[in-house]
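Just so it is clear, none of the values below were taken in a lab; they were calculated from the coordinates. Just so you know, these numbers come straight off a predicted model, no measurement behind them. Note that we place each Cβ from the backbone using ideal geometry, even for glycine, and neighbour counts take in every protein chain shown.
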Amino acid sequence: MSLSKTIEVINVINEFGNLFQLVISGVSYMRSRWNGSQDKELKQDDVLQLQSDLQCLLNTLPEMYNLIDRAEWKIHEPFVAQQLPKLKDAVSDADGLLDEFIWYKQKWTARRMQRNHVIRGSFNKVIDIQNKRLKNISSPLEKVGLHQTTPRFDKLVRPETTSFPIEAKIFGRDKEIKELIKLLGVPANNSKGPSRCKKPKIGADNNETTITSVPVLPIVGMGGVGKTTLAQNVCNRPKVKSHFDLIIWICVSDDFDVKRLTKEALQSLSSNKVTTTDNLDSLQRALSDLVNGKRLLLILDDMWDDALKEIGQRWKRFIAPFTNVLCESMILVTTRLQKVADLVRTTDSFPLDGLKDDVFLNFFEQCVFGSERSNYDPELNRIGMEILPKLRGSPLAAKTLGRLLGMSFDPAHWDRILKSQLWELSQEETDILPAFRLSYMYLPFHLKRCFSFCAVYPKDHEFEREDLAEIWVAEGLVEPQPNVPLQHTCCRYFDELEHLSFFQKLRGKYVMHDLIHDMAQLVSKDEYFIIKDREDFQKIPENVRHVSELKSSGVKCSDLLNLCKHKKLRTLLCNMSLKSKDGNTVMEKWSTELLCLRVIVCASISRWGLPGSISNMKHLRYLKILDTCLCRTLPAAFCCLYDLQIFYAKKWEIGNIPSGFGTLTNLQKFESSTYQFHHEHSVYTRGGATGEGQKRQFQFNRYNGESPPDGFNPENLPNITSLLFRGLDHFQRVSFFVNSNRIHSDDSIGSTLSPQIEVGIVCCQNLSSLKQFLQPAYVPVIRKISISNCLSLESVPADRFGDFSFLEVLKVRNCPNISSGRLFAPSLKELYLERSGNLGDNIECRSLTILELLFYPLASIELQMWNLPLLQKLKI
């Protein structure tokens, strides 16, 4: 449990002590007995008992996390393997229950409601989790001889880097590279050479021979042996690139979806052809046109037996467009499975074994020691030589375990790894290597949880560091650190996992090797599940917490209703379109049945938008909708999502936001095609306690209205610090209306907006006036105003700036049509004017320290220089 959650729960517990002083006299509460058949009046003693039980549960959870960590070291023992999933499930339920108390506290704060709702039903839940489940499961586990402490390191020791690029340079494969290049038909002297086609067909356009069936060469080898690395190296050789007209690389993975693969082939060619269509015939025709008459090298990386489905028809359907390419075109396939190679090959497979002993030893030493290989304990050499055969010549295993060994050069550490019972786990050739499992076991517990979460993504998923960090935070997997924002801590977690080879960088994003992905799924198999086809709905574990659904031709929208029986779901990644009427039903059912969800990612939602029942998802923290939606409003119930941190709908044009938007005090990002709203985190220290504060930023972006929507009022965004209007070509005016009762209250300053607010108006081409926007009733809290590239802007009420008592900075650039009298702003400290009509002709700003007037005729400027006693910098 995180420190922040602990503090919040303690605050909730403390509030129970004063509960009866806050409740209207005479109100009775009902409490169910264990058998649920009798009720009795709730008494203060019951509340105090609940208070005590909650505190006990709060104290117990850290012990349970430690027990889970220790039990994983004995996972090879059948009893532990049986009990561990039960313990994880009970701990997750306890964590969710504490989240529920926190949510009610936020609801009390937002709604000033009577504080009795949370009591009902909570007694039995706490007692059941605390006494019946956690104790009954943990006690037997403690008796099986678990480690009292697990091996840990205070810090990760990173080997010294050298000019020898382990990842970039392929190691010990010179012979294989030459042989593979020869098999691809690439001549040694870069000449095209004579055609090898036995039955040529003359192309209509270029008089070169074409073929109707492309030769297929499979590379076959166990996971982690370097098949992908070998293929990448060969494809990037200059003579290979010059030999082929087109090179297409597709990562197939275990989802051989013909439509997806065809789209990826089109995209890899940087084609202008439309790939958004779902019509396979149109996609294949477009692909055929692009490869027609070209010498093609197509690489299909990491192919699994999913390609064998439908008696091989999927494979035949995919290669159908490649029927009129030039002779000497080739298809290169990498796979672990010989049966896949046997289906697709037209020639003998290319077997790839592990690295030879002497080469492998050299590579392994580089992974462990970096450049410091000369002086180390001979005992380490002995132990290392015993470990080496267990890695089967796998470069990935050497890299992963080498980083683990390199954490400490203490022989005892190496000896523990050598003698680990995990080496004895039964395995087939394509199973998880114990080396990877050991690397996982030595991770700190918080990194184990973050790594395990990646099991919900499909193989070969391309991770973006910041996106994954946001989801880790939403899932509660991040431990707060003093003086460090959560996002920064998350990114550090990611960097540590990358250093240990759990992630690999690829074209600006990150991927997880399929062996590492297999390990993630193995260590979390009861909590995570990926749906690939309709039959998988029957295989989902009963207490599953995290589910993703791959867009597959066999799954119907109505099938998604089957997920509703898994009440403990916390994560749902849905790649299927929910635009149909069935999709509306699905979202409605999810909102009323799946009440533990924290993270939802949907490809699309129905034309009716989000249902009002979305308010039931009180634990929802991350909501992402990838596609657009015809509905232009959010339901008022959206503002009941008090835990919501992230809302992404970048293609959705939302016209109005609900009036209760300000109650979403945990919201960090809100992005649609019309609005963008960020918090930026900052660390604060108050009264000796360090915590994390938030600053809000709201952007109007590509909004089509002529003025802000009626539902957008500054008073609905109490914590906003930045307001930006950008590229609003239809805007003619900027006007807000706030509650007059609040304007005239004693604390009007700060009752609507934060005193630190900054306003930006950029590239609003039709904006002509700001008279209605700049009203002293709420502008006093604005600190900075920036206006630029508004060519139609004429009216700026500069003479009223004297009422803006917090205004310190004013920037106006490229607004040449402004017509104004004097600029009167006593509090202004910095003024920057460039091509801004006559706004700078008459300045009365006695507090100015910086003044810039660019592209002004000097003769027209009547600066009252003697009224600028504090001026330190002048630029004209």
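Below, the figures for the structure above:
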{"item": "Alpha-carbon gyration tensor eigenvalues x 5, square-rooted, for the stretch 49-103, Å", "result": "26, 11, 8"}
{"item": "Entries of K771/K811; K459/K650; K811/K875; K86/K589 with Cα pairs more than 24 Å apart", "result": "K459/K650; K86/K589"}
{"item": "Estimated inter-spin distance, K581 and A81, nm [label 7 Å along Cα→Cβ]", "result": "4.9 nm"}
{"item": "Packing-based exposure ordering (other Cβ within 10 Å, fewest first) of R465, R449", "result": "R465, R449"}
{"item": "Within-10-Å neighbourhood charge of D305 [Cβ basis; K, R +1; D, E -1]", "result": "+1"}
{"item": "P(r) histogram, all alpha-carbon pairs of the stretch 174-351 included - 10 Å bins from 0, percent", "result": "9, 38, 39, 14, 1"}
{"item": "Which of I211, I761, I177 has the fewest Cβ neighbours within 10 Å, and the rest in rising order", "result": "I177, I211, I761"}
{"item": "Surface/4 of the Cα convex hull for the stretch 321-385, nm²", "result": "8.0 nm²"}
{"item": "Residues listed by number, the stretch 441-457, amide nitrogen under 16 Å from Q421 label point at 7 Å toward C-beta", "result": "441"}
{"item": "Long pairs among K132/K567; K175/K509; K390/K509, criterion Cα-Cα beyond 22 Å", "result": "K175/K509; K390/K509"}
{"item": "Extension gain, K182 back to Q232 (0.36 nm per residue minus Cα-Cα distance, nm)", "result": "16.4 nm"}
{"item": "Stretchable slack from I850 to D467, in nm (0.36 nm times residue separation minus alpha-carbon distance)", "result": "133.9 nm"}
{"item": "Range of Cα positions in the stretch 282-331 per principal axis (Å), largest first", "result": "30, 23, 14"}
{"item": "Whole-number D in µm² s⁻¹ for the stretch 551-676, Kirkwood Cα-pair radius fed into Stokes-Einstein, 4 °C, 1.567 mPa s", "result": "90 µm²/s"}
{"item": "Segment K771-V144, length gained on full extension (0.36 nm per residue, minus Cα span)", "result": "218.1 nm"}
{"item": "Residues R507, R570, R403, R813 arranged by fewest to most Cβ contacts within 10 Å", "result": "R507, R813, R403, R570"}
